[in-house]
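Heads up, the thing below is written out as structure tokens.
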Amino acid sequence: MRRKDFLFENKEYIYSMLNSIEFGVMALPDDDVPYAVPVSFCYKDNKIYFHGAMGGRKYEILKNNPKVSFTASKIYSYIPSSFLNGKMIPTQFFFSIYIEGEFETINDINNRKNILYELVRKYEPNNNNISIDDKMFDYAQHNMLIGVIKIHHITAKAKFGQNMPDEEIKIIINDLKDMAYDIDIETIDMINKLRK
């Protein structure tokens, strides 16, 4: 990564972020033009799990070349030109994760059910009625792609003004407090975590 001041190395936090970010993008080598496709996913035990159709461009590429890259990002506050008393060069604060790995198909029925269960749990964390024995997970027996990206390399970038002086960050925090949307409060929390 070119900007070492934005490099984020806390692996446990990176893993927890992977299970809070809703979508990722899988990039696949396809002749002269790489193919990038958004996917819903979950993370567990150094692997990215996803599902899809047993057909189409993504499936055909993965069958022939299992090498993939994957990225997932969470967007935080946009920092507009009106900040810093109108002197701010506009920028976007964000957290992003980049992964390189290798795709495999999951064929074992119990593993397939468990992965579908983990996916639903990620997207419905407050639903206490979900059980692995629910009929919906019998869908794992059907002709669908349930795959894993085995992670070989992972890095994260957190851009929250680490390259800015403390005096300017204090003003930006006050500007964010004035806006006071939920994402602005989350952004302030991230700024403070990264300046400790």
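Summary table
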{"quantity": "Degrees, to the nearest 10: 109-123 long Cα axis against longest axis of the chain", "calculated": "30"}
{"quantity": "Cα gyration tensor, region 96-143 - rounded (a/c under 1.5), prolate or oblate", "calculated": "oblate"}
{"quantity": "Rounded to the nearest 20 debye, dipole of the chain from Cβ charges on Lys, Arg, Asp, Glu", "calculated": "320"}
{"quantity": "Estimated FRET transfer efficiency when R0 is 22 angstrom, pair residue 108-residue 40 (beta carbons, to 0.05)", "calculated": "0.55"}
{"quantity": "Per-peptide average of other Cβ atoms within 10 Å, ordering 47-53, 9-15 highest first", "calculated": "47-53, 9-15"}
{"quantity": "Heavy-atom accessible area per residue - the chain, 1.4 Å, Å²", "calculated": "57"}
{"quantity": "Computed [θ] at 222 nm, deg cm²/dmol, the chain (DSSP H ≥ 4; -39,500 (n - 2.57); rounded to nearest 500)", "calculated": "-9500 deg cm²/dmol"}
{"quantity": "Protein accessible area in the chain, 1.4 Å probe - carbon and sulfur %", "calculated": "48"}
{"quantity": "Of 11/58; 63/157; 58/150; 44/193; 87/193; 58/113, pairs whose Cα-Cα distance is over 27 Å", "calculated": "11/58; 63/157"}
{"quantity": "Cα-based helix-to-principal-axis angle, 182-194 vs the chain, degrees rounded to 10", "calculated": "80"}
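The values are calculated or read from the model by the stated rules, or taken from the named source; none is laboratory data. Predicted model only: the values in this text are computed from it and were never measured. Because the Cβ atoms are built from the backbone with ideal geometry, glycine has one as well, and the counts that use them run over all protein chains shown. Note: areas computed on protein heavy atoms with side chains; ligands, DNA, RNA excluded. Shrake-Rupley method; radii C 1.70, N 1.55, O 1.52, S 1.80 Å.
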